[in-house]
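The values are calculated or read from the model by the stated rules, or taken from the named source; none is laboratory data. All values derive from a computational prediction rather than experimental measurement. In this analysis, Cβ positions are derived from the backbone assuming ideal geometry, glycine residues included, and neighbour counts consider all displayed protein chains. These area figures cover heavy atoms from the full protein model, side chains too; ligands, DNA and RNA do not enter into them. Shrake-Rupley method; radii C 1.70, N 1.55, O 1.52, S 1.80 Å.
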Protein chains: 4
Amino acid sequence: MAIRVIITGGTFDKHYDEIRGSLTFKDSHLPEILAFVRCTVRIELELNQLIDSLDMHISNRLQILESCRRAEEDRIVITHGTDTMAETADVLGKAGLAKTIVLTGAMVPYIFNNSDAVFNLGSAITAVQLLPNGVYIAMNGRVFPWDGVRKDRERGVFEAKGL
Amino acid sequence: MAIRVIITGGTFDKHYDEIRGSLTFKDSHLPEILAFVRCTVRIELELNQLIDSLDMHISNRLQILESCRRAEEDRIVITHGTDTMAETADVLGKAGLAKTIVLTGAMVPYIFNNSDAVFNLGSAITAVQLLPNGVYIAMNGRVFPWDGVRKDRERGVFEAKGL
Amino acid sequence: MAIRVIITGGTFDKHYDEIRGSLTFKDSHLPEILAFVRCTVRIELELNQLIDSLDMHISNRLQILESCRRAEEDRIVITHGTDTMAETADVLGKAGLAKTIVLTGAMVPYIFNNSDAVFNLGSAITAVQLLPNGVYIAMNGRVFPWDGVRKDRERGVFEAKGL
Amino acid sequence: MAIRVIITGGTFDKHYDEIRGSLTFKDSHLPEILAFVRCTVRIELELNQLIDSLDMHISNRLQILESCRRAEEDRIVITHGTDTMAETADVLGKAGLAKTIVLTGAMVPYIFNNSDAVFNLGSAITAVQLLPNGVYIAMNGRVFPWDGVRKDRERGVFEAKGL
């Protein structure tokens with residue numbers, strides 16, 4: 001079995017630009033992470049975009065949908081900014097692909113000492129192997145269906161919402 | 001839904017004793033980890049023992065089985081040394097409890113920079129919510145049934161074995 | 001011998017606000033750092049301000065000078081933003097106090113995996129014990145006199161400048 | 001000015017062997033550390049040996065002395081196990097070289113999250129530029145002369161001892 005991991009950026013992959021003193025994007029940390037967590041599942045990494053999800057337009061989300069359609073694999077994990085993750089999940093969910101797609105991200109960039117990034121990746125990579133076709137969000141140790149989740153922006157956590 | 005996390009030690013929770021210059025046990029890091037990964041699932045933590053799984057006797061494994069029986073929760077994650085994790089899984093599997101039990105651990109202690117501990121925890125906490133009753137091992141990004149897994153001691157990874 | 005460490009913020013002590021997704025200030029990490037580096041020198045910690053040095057006005061620098069004057073200790077380390085560290089060093093240098101004062105900071109916040117913060121702190125705490133009265137900057141593994149240093153903003157390092 | 005850093009191992013550079021589950025030696029982390037701490041001093045790295053200082057014989061210490069003699073640089077930092085660091089300092093001190101030599105090490109390996117390794121390196125690299133010819137130990141934020149220091153093995157810290 002192979003899993004495609006589609007990288008789209010978000011807080012997960014933020015990079016610290018020390019000259020400007022700000023958080024930006026440079027490369028993805030996924031290759032390095034998958035190595036030290038000793039993941040033996042075959043993973044295809046696709047660097048799709050590196051963007052803050054607050055800066056996404058519908059074209060960015062359709063670009064992700066296109067990658068999901070084109071993928072050989074029918075199990076896909078997408079790393080994504082948390083702020084509009086539910087919107088991308090909605091676009092993907094409505095497309096009704098015959099695939100299992102799990103979106104995840106991080107509230108704290110991987111490059112920080114106490115980040116949720118690696119925990120969430122473990123969550124998503126496991127969920128995508130166990131769930132039936134459909135689109136899901138894996139955050140905060142939970143798995144949510146694409147049409148039953150929202151981000152509580154004030155508390156910084158994801159929660160179920162009525163369908 | 002609540003998950004019971006039964007801590008039994010293993011490499012996951014090793015502690016560095018700087019006076020002796022060796023790896024030993026002190027406390028569990030689970031409370032601290034669950035905090036920074038922002039896990040919103042209700043977790044009951046049980047410190048069952050802190051032992052290297054190579055030092056386990058059948059009594060240690062029965063102590064874990066007893067905790068599983070007694071637990072109010074029917075979803076249980078067990079952190080355990082990797083060397084004899086499959087043996088404990090076997091004891092639990094044969095008991096046939098009406099619960100979902102997932103064992104996990106780490107090849108590199110949590111206290112190290114590049115540890116698989118947190119990834120595996122994310123894996124297990126997710127798996128235990130998605131799997132039907134039974135006993136499983138979550139390691140290396142995979143989920144194995146209790147009676148179909150072995151640890152390859154030379155390569156340091158878990159793999160499926162014929163039943 | 002006691003050393004006073006006057007905390008003024010800067011990149012060293014930046015904190016990640018995950019709700020806003022930005023770097024800000026919260027508390028200082030100095031207490032925690034001094035503990036795990038096993039520093040046995042007596043340290044008095046003074047939380048003077050938590051500010052980006054680009055936001056400093058002369059009043060902020062005079063507040064630091066005042067703390068240096070008032071200090072019982074005659075050996076003082078100051079953690080400070082790097083962008084205008086040389087300006088504060090200039091204010092302190094011209095005051096000509098009968099004390100040894102060493103300013104240091106970090107290009108990458110302590111909370112990041114690969115930060116120079118702890119190295120610089122080791123540098124400064126050692127330098128302040130070995131140098132004669134005067135004001136200095138300890139960055140990049142070097143020690144500079146207050147009137148012979150500038151920050152190269154493009155390369156992000158400190159270098160000697162003609163007096 | 002150039003500083004020679006002579007690597008001899010010790011806890012500083014311990015490596016975790018996950019197959020055996022023990023601490024051993026593999027490579028030195030000095031190159032990686034010097035990069036991320038943004039040290040602009042010219043450093044010559046010499047991998048002299050990788051040994052636990054408890055396993056050192058006089059021949060190991062004479063090998064270090066020989067390297068110090070041969071070095072082009074007259075400022076030398078030596079990373080060394082803490083247990084018998086004072087003994088090597090003694091051998092070097094008695095040789096009376098016209099150089100400044102500072103030994104340092106770590107109580108907790110660099111590869112651990114809360115290690116004193118990087119702080120001590122910052123300490124030593126700074127001390128070696130400020131001290132007159134002689135042999136010193138830089139540990140716990142202090143600098144000790146070679147003939148006035150001992151390691152308190154119970155508390156795990158270095159302290160001055162009467163000459």
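See the values below:
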| read-out | value |
| --- | --- |
| Residue list for the stretch B:1-19, restricted to those being facing another protein chain (nearest Cβ under 8 Å) and over 18 Å from the mean Cα position of the chain (by Cα) | B:Tyr16, B:Glu18, B:Ile19 |
| For C:Asn114: the one exception among (1) within 11 Å of chain D (Cβ to nearest Cβ); (2) open to solvent by 10 Å² or more (accessible area, probe 1.4 Å); (3) within 15 Å of the chain's Cα centre (by Cα); (4) not hydrophobic (A, V, I, L, M, F, W, C) | (3) |
| Identity of the residue in the stretch C:126-163, over 30 Å from C:Thr40 (Cβ atoms) and part of a strand (DSSP E or B), that ends up farthest from the other protein chains (Cβ to nearest Cβ) | C:Arg150 |
| Residue list for the stretch C:105-115, filter: in contact (Cβ under 8 Å) with a residue 24 or more places away in the chain and in contact with a helix residue (DSSP H, G or I) (Cβ under 8 Å, 6 or more places away or on another chain) | C:Gly105, C:Ala106, C:Met107, C:Val108, C:Pro109, C:Tyr110 |
| Single match in D:Asn133, D:Asn140 (criterion: touching a helix residue (DSSP H, G or I) at 6+ places or on another chain (Cβ under 9 Å) and either open to solvent by 40 Å² or more (accessible area, probe 1.4 Å) or not hydrophobic (A, V, I, L, M, F, W, C) (or both)) | D:Asn140 |
| Selection within the stretch B:82-108 - closer than 30 Å to D:Pro109 by Cα, of a type outside the set (A, V, I, L, M, F, W, C) and crowded, with 24+ Cβ neighbours inside 10 Å | B:Thr82, B:Thr104, B:Gly105 |
| Some residue of the stretch A:4-24 being free of Cβ contacts under 8 Å to residues at least 12 places away in the same chain, at positive phi and not polar (S, T, N, Q) | yes |
| Per-region count, the stretch C:100-109, residues within 11 Å of chain D (Cβ to nearest Cβ) and in contact with an Asp or Glu (Cβ under 8 Å, 6 or more places away or on another chain) | 3 |
| Set D:Glu154, D:Glu159: member being charged (D, E, K, R), over 15 Å from D:Met85 (Cα atoms), free of Cβ contacts under 8 Å to residues at least 40 places away in the same chain and surrounded by fewer than 22 Cβ atoms within 10 Å (Cβ to Cβ) | D:Glu154 |
| Test for C:Leu97: is it away from chain D (no Cβ under 12 Å) and part of a loop (DSSP other than H, G, I, E, B) | yes |
| Residue among A:Ser22, A:Ser28 that alone is open to solvent by 40 Å² or more (accessible area, probe 1.4 Å) and either in contact with a Phe, Trp or Tyr (Cβ under 9 Å, 6 or more places away or on another chain) or away from every other protein chain (no Cβ under 14 Å) (or both) | A:Ser22 |
| Unmet requirement for B:Val128, which otherwise passes all of (1) of a type in the set (Val, Ile, Thr); (2) open to solvent by 10 Å² or more (accessible area, probe 1.4 Å); (3) out of contact with any helix residue (DSSP H, G or I) (no Cβ under 7 Å at 6 or more places or on another chain) | (2) |
| Failed item in (1) among the β-branched types (Val, Ile, Thr); (2) under 15 Å from C:Gly21 (Cβ atoms); (3) touching a residue at least 40 places away in the same chain (Cβ under 8 Å), with A:Ile125 passing the rest | (2) |
| Residue satisfying all of: in the stretch C:35-67; without any contact (Cβ under 8 Å) to a residue 40 or more places away in the chain and within 14 Å of chain D (Cβ to nearest Cβ); least open to solvent (accessible area, probe 1.4 Å) among these | C:Phe36 |
| Only one of D:Val102, D:Val108 that is within 26 Å of D:His15 (Cβ to Cβ), hydrophobic (A, V, I, L, M, F, W, C) and assigned to a loop (DSSP other than H, G, I, E, B) | D:Val108 |
| Residues (modelled with pLDDT under 95 and among the polar types (S, T, N, Q)) located in the stretch A:76-114 | A:Asn113, A:Asn114 |
| Residue list for the stretch B:68-79, restricted to those being away from every other protein chain (no Cβ under 14 Å) and under 25 Å from B:Ile111 (Cβ atoms) | B:Ile76, B:Ile78 |
